[in-house]
Structures are given as structure tokens and as C-alpha cells.
1. Could you list, in sequence order, the residues of the stretch 256-276 that are within 18 Å of residue 210 (Cβ to Cβ) and touching a strand residue (DSSP E or B) at 6+ places or on another chain (Cβ under 6 Å)?
2. State whether one or more residues within the stretch 253-269 are part of a strand (DSSP E or B) and either within 16 Å of ligand 1 (Cβ to nearest atom) or buried (at least 24 other Cβ atoms within 10 Å of the Cβ) (or both).
3. Pick out the one residue from 198, 182, 192, 154 that is within 15 Å of ligand 2 (Cβ to nearest atom), in contact (Cβ under 8 Å) with a residue 24 or more places away in the chain and part of a helix (DSSP H, G or I).
4. Out of the residues in the stretch 447-477 that are in a loop (DSSP other than H, G, I, E, B) and within 16 Å of ligand 1 (Cβ to nearest atom), which is farthest from residue 376 (Cα to Cα)?
5. Are there strands (runs of 3 or more DSSP E) fully within the stretch 319-375 with at least 1 residues that are over 13 Å from residue 305 (Cβ atoms), at pLDDT 95 or above and in contact with a helix residue (DSSP H, G or I) (Cβ under 8 Å, 6 or more places away or on another chain)? List them.
6. Would you confirm whether or not the stretch 167-175 contains a residue that is surrounded by 20 or more Cβ atoms within 10 Å (Cβ to Cβ) and either away from ligand 1 (no atom under 16 Å from the Cβ) or closer than 30 Å to residue 398 by Cα (or both)?
7. Could you tell me how many of the residues in the stretch 384-412 are touching a strand residue (DSSP E or B) at 6+ places or on another chain (Cβ under 7 Å), outside any helix (DSSP H, G or I) and within 16 Å of ligand 1 (Cβ to nearest atom)?
8. Restrict the check to the stretch 253-272 and report whether at least one residue is touching a residue at least 60 places away in the same chain (Cβ under 8 Å) and away from ligand 2 (no atom under 11 Å from the Cβ).
Ligand code: MCA
Ligand code: AMP
């Protein structure tokens with residue numbers, strides 16, 4: 001490699017001077033790989049896919065997914081993680097939209113692409129040059145307020161910058177052991193939780209599911225969870241107390257309620273680190289391991305990122321800790337756009353290159369951020385999953401007996417928000433519609449409750465007044 005060659009994205013994993021240090025690089029459930037085993041198995045994947053324009057990964061919570069993603073990153077082939085519980089329709093959309101050329105994982109009946117099985121025993125010692133940092137590392141599918149999920153194009157340099165900013169803020173090093181059980185098809189579990197560990201060289205313990213007992217048994221130093229996970233851990237005080245020996249407990253992907261923050265402190269002795277981000281921007285704001293951790297606040301911009309507040313007209317709003325505005329971010333961690341959708345990409349950015357997050361926030365004089373809420377009721381966060389109301393409504397409307405559908409997020413103690421659908425139509429069989437939707441949408445996007453009504457409240461323009469539905473639902477609780 002020439003002196004000017006970029007550092008590998010998986011810096012620690014690919015540092016040939018390291019050797020195996022007696023620790024497993026990765027454990028998923030009860031399966032483990034040393035650093036050398038992971039590189040050699042991933043390189044065997046790279047050998048099979050090199051030159052492809054992109055590869056879809058059946059992103060089960062398994063060691064095969066970690067190998068597949070690592071193989072893509074070694075070969076410089078953009079990885080498209082596909083939620084394993086997607087129905088054929090959602091999976092079909094992702095495969096078509098991404099134009100993936102290969103399916104990495106077990107064969108599936110509805111997937112016509114050439115399938116490359118991932119074998120944890122396979123070994124290759126081929127060498128690959130580190131791809132240009134500007135090239136695409138991953139295409140992550142995420143919901144907008146309307147329509148089908150969009151592919152968020154993330155470059156290697158954005159991922160590297162995001163991970164390094166967090167490593168600096170959290171003093172995250174190879175001395176840490178990272179523990180989590182989050183899905184391996186989103187930024188949180190996959191980019192922070194797997195690529196992050198391989199970049200820093202901190203062993204990863206993935207618990208398959210993020211259960212309190214599994215977290216308690218893992219003996220890590222750095223723990224990741226969404227607020228629902230932390231809430232369930234606090235409901236199991238013995239498990240929570242077992243985390244007292246950790247170094248950092250990190251919460252993100254959705255608002256951490258202040259009482260839950262305080263309960264975590266009470267049971268574990270740790271004030272959790274909160275951090276905020278999006279699929280399109282990666283993590284942009286965080287509290288620091290050596291700084292203030294204020295309940296209800298998510299900290300300051302990480303290195304390489306700038307944030308600002310604007311009003312409806314796009315004019316700046318003071319950072320005084322009180323005035324509420326639309327949050328915009330810019331910097332090294334931003335995505336390269338929505339795949340094949342320049343119009344949506346342009347709509348999401350300001351003319352001077354800032355991403356419009358769609359979140360409402362305040363920023364104080366010290367640069368601390370508090371996320372107040374979302375601009376649109378049509379963007380729902382349930383269990384840390386982002387769900388666009390429009391996608392769920394479309395799935396319901398595809399049923400021949402459904403004439404109108406409105407989907408809302410209602411407050412939920414466990415999930416933050418819970419999906420409720422209001423439906424006008426002739427579906428009198430209560431089981432038929434959930435079964436129909438189950439064929440189209442992954443589990444977390446399915447309504448937990450479907451209410452059949454005669455009409456939907458609409459304004460003079462004919463737009464459904466979701467605020468009325470949300471208030472009505474809350475009043476009936
Ligand atoms: C759930 N179930 C359902 C439905 N929903 N069944 C029928 N209809 C539904 N609508 C089933 C589940 O399959 C499960 O069944 C059982 O009910 C319990 O479900 P649930 O309460 O949801 O628990 P869970 O399955 O354990 O999930 C909770 C969770 C999960 C583990 C917290 O929501 C989760 O992993 N969230 C993480 C999301 C995430 O990583 N987001 C990051 C996005 P059974 O028990 O039989 O399986 S990236 C991001 O946001 C940015 C960048 C950031 O800031 O990080
Ligand atoms: P996603 O694209 O799935 O990454 O979801 C991004 C959205 O999650 C953001 O726009 C926020 O609305 C929300 N979010 C992420 N982290 C936090 C946090 N720490 N506090 C409040 N909301 C958050």
C-alpha cells in the first residue's frame with residue numbers, strides 16, 4: 001500500500017500488526033470468531049462478490065450477517081441490509097430499488113437473485129486494496145412520511161467520520177467490550193454496533209435479542225440500547241444492577257424519558273449517555289463520557305458536525321435553551337442522497353448544504369440539544385424503529401375491502417409510540433386485515449391495533465386530521 005492509501009474503514013480489524021489477542025472479535029449468541037477467523041471468512045465472501053454493483057444481505061441477527069457486511073466492506077461492494085422479517089413485498093421493493101446483484105444469505109423462495117451462502121468456516125487469504133473513502137459502503141432502507149422506503153446512500157468516509165466522532169466523545173477504545181442485541185439492519189445496531197466495534201477493535205457481544213437477562217450476563221463495558229430496551233432492563237432490577245460494573249450505558253434512536261433516565265441512574269449507578277441521529281446523517285449529537293449528562297438533553301454536536309435551528313421561513317433561531325426551531329445539521333457524517341431519487345434528496349437539503357432533520361429542538365448557549373419532537377405526525381418511532389404512516393396506510397389500502405386508512409402513533413409506555421390504524425371499509429373479519437398486512441410489512445411496521453370506523457375526520461381540504469384521532473385515542477385510554 002502506498003503512503004497515501006486511506007486507512008481501512010475497519011481499521012482495527014484490518015490492522016495486520018494486531019494478530020489475535022486472545023479475545024474473540026465477535027460473538028453472536030453462542031457463536032464466536034477471532035479477528036483472524038472473521039477476516040478470513042469475510043474475505044471468502046469478498047472473493048465471491050468482488051465487482052458486483054451491490055449485494056443484499058439477509059440481515060438476520062447472526063454471525064453470518066457480521067461476516068457478510070465485513071466481506072462487502074473488504075471488497076468495496078455496497079451492502080444492502082434487508083430486514084429478515086420483511087414480507088415478500090417489502091423485500092421485493094428493496095431488491096428492485098437497490099438493483100442488488102447478489103443475495104448474501106440462505107436461499108429464499110421469493111428472491112430470484114444469485115444466492116451466495118455465507119459460511120463461517122470458509123477461509124480466504126486474498127488481499128484487497130482499501131476502496132476510495134468517497135465510495136458507497138451501505139444503502140440502508142428507511143421510511144419517509146409517505147411512500148415506500150427509500151435507500152439512504154452512506155459513504156465509507158461518512159461512516160468513518162461518524163464512528164470517530166463517537167469514539168472521541170465516548171473514549172471508546174479497543175479496551176471496551178461492546179454489548180447489544182439490536183437489529184443488524186439499521187444504523188444503530190449495524191453501523192455503530194458492528195462496524196464501530198470492528199473499527200475500534202473492541203470485541204462485540206451481540207445477544208441476538210436485547211433482553212435484560214442477556215445484557216446482564218454479558219459482562220461488557222459499553223452497552224447500546226433504545227429506550228424500550230432500557231425500560232425493560234429497569235423493569236428487571238437484578239439485571240439492571242448487573243450493569244453497574246460497565247463503563248458506559250448508551251441510549252439512542254428515540255427519546256429517553258426523564259423518569260427512565262433517573263431510574264437507570266438509581267439502579268446502575270450510571271447516568272446514561274444519550275445521543276441523537278438519523279439514518280441520513282448518522283449520529284450527529286451526543287453527550288460525552290467526560291461531560292455533563294443532563295436528563296432530557298442529548299448533548300452537543302460531535303466532531304465534524306455542525307447544527308443549527310431555523311424557523312418556518314428558514315431564518316436562524318437563537319441558541320438560548322428555550323426557543324424551539326427546526327433542527328438542521330451538516331458535516332462529514334451526512335449521506336450522499338436517496339438512491340435514484342434526486343428530487344427527494346434535494347427536498348431534504350437546504351441550498352447551503354444542511355440536512356433538514358424534520359425534528360424540532362432547542363439548543364442552549366453551550367451547544368446542548370433537547371429534541372422536542374417531530375415536525376410531522378406521519379413519522380412514527382416505535383421501539384426505536386422509524387415507521388412512515390404512509391407506508392402502513394398503503395399496505396392497508398391494498399386490501400380490496402379497505403376504502404380509507406389513517407395510521408397514527410399513540411403514546412406507549414414500553415415502545416414510546418404504538419401504531420394504531422383507523423380503517424373505513426367492509427372488512428368484518430377481524431383477523432383478515434392483520435394477516436393481509438403481515439404479508440406486506442415487517443413486524444414492527446404492523447399496526448398493533450386496527451379500529452374500524454364509519455368516517456375519518458377530515459378538514460375542508462379533505463386531509464385527515466390525525467391530531468383529532470390521536471387526541472381521541474388518548475382520551476379513551
Ligand atoms: C410485535 N409483535 C407483533 C407486532 N409487533 N405481533 C403482531 N403484530 C404486531 N404489530 C410481536 C413480536 O414479533 C414479538 O413476538 C412480540 O410481539 C413482542 O414484540 P415487541 O414488544 O415489539 O418486542 P420485541 O420484538 O422484543 O421488540 C422490542 C425491541 C425492538 C427489542 C425494543 O423494538 C427493537 O429491537 N428495536 C430496535 C430498533 C432499532 O434498532 N432502531 C434503530 C434505527 P415474539 O416474541 O414471538 O418474537 S437507527 C436510528 O434510529 C438512528 C440512526 C439512531 O439514532 O440510532
Ligand atoms: P432513523 O432514521 O430510524 O434513524 O430515525 C431518526 C429519528 O429518530 C430522528 O429524526 C429522531 O426523531 C429520532 N431520534 C433518534 N435519536 C433520538 C434521541 N436520542 N432522542 C430523540 N429522538 C431521537
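1. 256, 270, 272, 273, 274, 275
2. As a first pass, look at the stretch 253-269 and keep what is part of a strand (DSSP E or B): none.
Looking through the stretch 253-269, none of the residues is part of a strand (DSSP E or B) and either within 16 Å of ligand 1 (Cβ to nearest atom) or buried (at least 24 other Cβ atoms within 10 Å of the Cβ) (or both).
3. Numbers: 198 fails: within 15 Å of ligand 2 (Cβ to nearest atom); 182 fails: part of a helix (DSSP H, G or I); 154 fails: part of a helix (DSSP H, G or I).
Selected residue: 192, the only one of 198, 182, 192, 154 that is within 15 Å of ligand 2 (Cβ to nearest atom), in contact (Cβ under 8 Å) with a residue 24 or more places away in the chain and part of a helix (DSSP H, G or I).
4. Keep residues of the stretch 447-477 that are in a loop (DSSP other than H, G, I, E, B), which gives 447-448, 453-457, 459-463, 465, 476-477.
Checking the rest, the ones that are also within 16 Å of ligand 1 (Cβ to nearest atom) come to 447-448.
Working: 447: 18, 448: 20 Å.
Among them, the one singled out is 448.
5. Values: elements: 325-331, 355-363, 369-374.
Strands (runs of 3 or more DSSP E) meeting the threshold: 355-363.
6. To start, the set of residues in the stretch 167-175 that are surrounded by 20 or more Cβ atoms within 10 Å (Cβ to Cβ) comprises 169-170, 172.
Retained after the next criterion (residues that are either away from ligand 1 (no atom under 16 Å from the Cβ) or closer than 30 Å to residue 398 by Cα (or both)): none.
The answer is no; no qualifying residue exists.
7. 10
8. Filtering the stretch 253-272 down to residues touching a residue at least 60 places away in the same chain (Cβ under 8 Å) leaves 253-255.
Checking which are away from ligand 2 (no atom under 11 Å from the Cβ) leaves us with none.
No, the stretch 253-272 contains no residue that is touching a residue at least 60 places away in the same chain (Cβ under 8 Å) and away from ligand 2 (no atom under 11 Å from the Cβ).
The values are calculated or read from the model by the stated rules, or taken from the named source; none is laboratory data. Keep in mind it's a predicted model, so treat the numbers as computed, not measured. Here Cβ is always computed from backbone atoms with ideal geometry, including for glycine, and neighbour counts include all displayed protein chains.
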